[in-house]
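As structure tokens, the structure follows; a few thoughts come after it.
The values are calculated or read from the model by the stated rules, or taken from the named source; none is laboratory data. Given the structure is predicted, the values throughout are model-derived calculations rather than measurements. Don't worry about glycine lacking a Cβ; one is built from the backbone with ideal geometry, like all the others, and counts go over all protein chains shown. With ligands, DNA and RNA removed, areas are computed over all heavy atoms of the protein, side chains included. Shrake-Rupley method; radii C 1.70, N 1.55, O 1.52, S 1.80 Å.
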Amino acid sequence: MGSKPRDAIVLASLVSLPFVALFAHSQVIIPIGLLALMGGWVLWEDRRDAGSRGDPYLILPSRPSVLFMVGVAFPLWALVTLAWSPSPTAGARGAISMVVIALGGVLCVRCLNSLSDPIHKRRLVGLLSAAVLAGATVVILEALSGGLLLPLIKPSLLSLEDRVSSLNSGVIIGFLLAWVLVMGALEQGRRPLAGGLAVGMVLMVFLSNSESAKAALIMAISTGVASLLLGRWALRLVFLGYGMVLVLTPFVFRHILTDTLFREMAPSLPFSLQHRFIMWRHVSEWVFEHPILGWGIGSSRSFEHERVVRDFFLGEFGWVQKSLQVMPIHPHNASLQIWLDLGVVGLVIVILFLFLSLAFLERRERSRWHQAGVTGLTAGGLVVTLGTFSMWQGWLMASAALVGCLSWMLLKDRESASQTTDSPSAVIPSPTTEAMGGQ
């Protein structure tokens with residue numbers, strides 16, 4: 001039996017997410033944290049009921065899978081690297097965030113599973129879709145008005161830089177949520193809603209200033225279409241391609257990001273990409289100073305004072321010499337950040353986790369369209385990690401965990417649903433293995 005106060009808090013938290021993501025993206029951990037607390041409420045009630053029957057109730061699986069153990073190994077290795085990290089405070093925050101968010105993901109699954117009956121799922125999809133479309137409308141109107149709308153809603157966002165920073169993260173979270181909801185609406189036979197979400201998602205992404213969101217959407221659509229032609233091979237190629245990118249990026253960047261190439265490419269690149277060119281070249285060099293164990297989690301902050309003086313191409317001003325901070329806070333690339341902070345040891349754990357996750361996903365039977373949606377969501381989510389955010393940011397990890405939990409709840413088949421009802425341990429691997437990939 002559900003609890004009306006709890007259900008109301010869950011729905012309110014979910015509906016608030018698109019708006020929090022747009023106007024204060026770093027605070028999405030608050031509504032997601034409320035969902036985890038509601039999951040704790042569910043666990044307490046289940047444990048109490050199990051106790052009244054004389055049956056034990058386990059929060060963690062009684063037989064941890066290899067996937068579960070590899071997933072646990074990653075934050076443990078991150079904690080170990082604190083011993084030599086030059087930025088132990090920032091590193092500890094990132095490592096502890098991983099542990100807390102992983103546990104929170106388990107609780108979010110329990111929370112959302114309490115709404116997994118058809119009536120609750122239908123209501124959830126409808127309300128969250130309305131919220132995502134409202135958020136998309138804000139982005140679309142902001143673009144069409146030339147940037148006049150957002151300062152009226154949030155007066156503190158007067159500068160263009162602040163508005164772009166505020167919206168871009170929200171656009172990415174909105175894109176991931178919308179993709180899950182499109183699949184959920186189609187599963188429920190609500191094609192007009194799915195179509196409206198798809199149109200709103202595309203307009204929001206392409207009218208925004210977020211290049212990462214555009215790349216993610218293009219990759220999601222491309223791999224989704226490829227999945228209709230290639231079946232499960234498309235998802236396998238997504239994982240294989242991402243794994244190769246993680247392994248090869250520092251080697252490739254170290255050899256191809258030369259001064260000669262920069263002079264040729266800079267006139268056709270925006271300043272942000274010119275900056276990344278310089279950043280990725282320097283980080284690739286630093287990676288090979290401590291390739292096996294890495295510099296330690298959070299180490300990128302220790303390079304904040306490194307600067308470079310060189311010519312950049314600034315449009316109508318031509319080549320202009322600037323003194324530039326090489327790496328503001330983090331490398332803006334998942335591969336380089338894993339290599340720099342955690343070394344080959346951390347990379348091996350990530351690669352193992354990726355391919356064990358693929359094996360887990362391969363065990364599920366899906367329709368062609370369902371498989372295409374899962375493939376697109378996975379590819380789009382992974383692309384986001386390659387050009388913009390720090391992997392250890394709490395809001396990003398929490399959002400990824402929530403997308404995985406939500407997609408698992410909305411898209412699980414009848415067989416998995418019955419397994420979840422009968423066995424508490426059945427729900428544990430899902431949010432971890434599908435943090436970016438749906439069911």
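Subtracting the Cα-Cα distance of Val320 and Met244 from their residue separation scaled by 0.36 nm leaves 23.7 nm. Need one number: the % of Cα-Cα pairs in the range 227-313 sitting beyond the 18 Å mark. Within the range 227-313, distances greater than 18 Å cover 58 percent of Cα pairs.
Per-residue 3J(HN,Hα) values for the range 331-337, derived from phi via the Karplus relation 6.51 cos²θ - 1.76 cosθ + 1.60 with θ = phi - 60°, read x, 6, 6, 4, 4, 5, 5 Hz in sequence order (x marks Gly and Pro).
Each 10 Å bin from zero up to the one holding the largest Cα-Cα distance in the range 181-220 carries the following percent of pairs: 32, 43, 23, 2. Probing with 1.4 Å while keeping every protein chain in the model, the per residue accessible area of the chain equals 44 Å². Specify the angular offset, from 0 to 90 degrees and rounded to the nearest 10, of the alpha carbon long axis of helix 88-113 from the longest principal axis of the alpha carbons in the chain. So the helix axis and the longest Cα principal axis differ by about 30 degrees.
Near Thr388, within a Cβ-to-Cβ distance under 11 Å, what is the net charge of the other residues, with Lys and Arg +1 and Asp and Glu -1? Value of the local net charge: 0. Once backbone amide H atoms are built at 1.01 Å from N, Ser65 has no partners under 5 Å, excluding neighbours fewer than 5 places away on the same chain.
What residues from the range 168-188 fall in the zone where the backbone N is under 11 Å from a label point 7 Å along the Cα-to-C-beta line of Trp369? Within reach of a label on Trp369, which here means backbone N under 11 Å from a point 7 Å along Cα→Cβ, the range 168-188 contributes 183-188. With each label modelled as a point 7 angstrom along the Cα→C-beta vector, the Ser3-Phe206 pair spans 4.6 nm. Residues whose amide H lies under 5 Å from that of Phe312, counting only those 5 or more places away or on a different chain, are Val320, Gln321, Lys322; hydrogens are built 1.01 Å from N in the peptide plane.
For the chain, the Kirkwood estimate of the hydrodynamic radius, built from every pair of different alpha carbons, is 22.7 Å. Residues whose amide H lies under 5 Å from that of Leu386, counting only those 5 or more places away or on a different chain, are Ala334; hydrogens are built 1.01 Å from N in the peptide plane.
Please work out the FRET efficiency for the pair Val309 and His255, using the Cβ-Cβ distance as r and a Förster radius of 25 Å; give the result to the nearest 0.05.
Working from the Cβ atoms, E equals 0.60.
Relative to the longest principal axis of the Cα atoms of the chain, helix 29-52 runs at roughly 30 degrees. Picking from Trp84, Trp319, Trp233, which is most flexible by a Gaussian network model of the chain using Cα springs under 10 Å? Its mean-square fluctuation being the largest, the pick is Trp319. Each Lys and Arg Cβ is given +1 and each Asp and Glu Cβ -1; about its Cα centre, the chain then shows a dipole of about 700 debye.
Among 170-183, 245-258, sorting by the average number of other beta carbon atoms lying within 10 angstrom of each residue, highest first, gives 170-183, 245-258. Taking all protein chains together and rolling a 1.4 Å probe, Glu187 ends up with roughly 100 Å² accessible.
Placing a pseudo-label 7 Å from each Cα along the Cα-to-Cβ vector at Leu273 and Glu362 gives an inter-label distance of 3.6 nm. Between the range 180-229 and the range 291-366, how far is it from one alpha carbon centroid to the other, in angstrom? If you average the Cα positions of each part, the centres end up 27 Å apart.
Computed from Cα positions, the angle between helix 368-384 and the longest principal axis of the chain comes to roughly 40 degrees. Suppose the Debye formula is applied to equal point scatterers at every Cα of the range 228-385; what is log10 I(q)/I(0) at q = 0.11, 0.15, 0.16 Å⁻¹? Log10 I(q)/I(0), no solvent term: -0.56, -0.88, -0.94.
Tell me, in nm to one decimal, what length is gained between Glu289 and Arg47 on full extension, where the rule is 0.36 nm per residue of separation less the Cα-Cα distance?
That works out to 82.1 nm of additional length.
Per-residue Karplus couplings for the range 220-229, computed as 6.51 cos²θ - 1.76 cosθ + 1.60 with θ equal to phi - 60°, are listed in order as 4, 5, 5, 6, x, 5, 4, 5, 5, 8 Hz, Gly and Pro entered as x.
When the surface is traced with a 1.4 Å probe over the full set of protein chains, Lys214 keeps roughly 40 Å² accessible. For the chain, a Gaussian network of Cα nodes joined below 10 Å ranks Leu22, Leu273, Leu402 by mean-square fluctuation, and the top entry is Leu273. 3J(HN,Hα) along the range 339-356: 4, 5, 7, 10, x, 4, 4, x, 4, 4, 4, 5, 4, 4, 4, 4, 7, 5 Hz, from the Karplus curve 6.51 cos²θ - 1.76 cosθ + 1.60 with θ = phi - 60°, whole Hz, x for Gly and Pro.
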